[in-house]
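A short worksheet on the structure shown next.
Derivation of every value follows stated rules applied to the coordinates shown; laboratory data play no part. Everything numeric here is computed off the predicted structure, so don't read it as measured data. Cβ sites come from the backbone with ideal geometry, for glycine too, and all protein chains shown count toward neighbours.
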């Protein structure tokens, strides 16, 4: 009986939430471009080599890169000046203090579904987790 009640309750909650609307990708977001982090929360992080690349193919839109200590990857929904990241997967290397601090701060920004803009050729991601500025990578 408890199982049936849980299933019914789950169905009611799903129906009450309404239809899930797919968000059209914003065509102005720069895909297939390597971005190298310049600053993270106002601090120079060039030496940490934090990167972001967003690709779009038949399987969807994905972000990949290096977070300062580990490689990372996640699905991304690109909205009108907002990025929504799926669960972030990554390697599990342990690094020294500064590298891990940079990585934790960067992943916090990604996890906060940051806003995005291109300003003077710089990609800026910002939100509750902070702000990161990227220059086009080489």
- If a/c stays under 1.5 just call it rounded; otherwise compare a/b with b/c (prolate if a/b is bigger, oblate if not). Do that for the range 41-138, with a ≥ b ≥ c from the square roots of the Cα gyration tensor eigenvalues. oblate
- Task: Just check the range 26-82 against the gyration tensor rule for me: Cα atoms, a ≥ b ≥ c as the square roots of the eigenvalues, rounded for a/c under 1.5, and otherwise prolate or oblate depending on whether a/b exceeds b/c.
- Result: prolate
- Sequence-separation-based contact order of the range 24-136, relative, with Cα cut under 8 Å and 6+ spacing, percent: 25 percent
- Peptides ranked, highest mean first, by Cβ atoms within 10 Å: ranges 103-109, 82-88: 103-109, 82-88
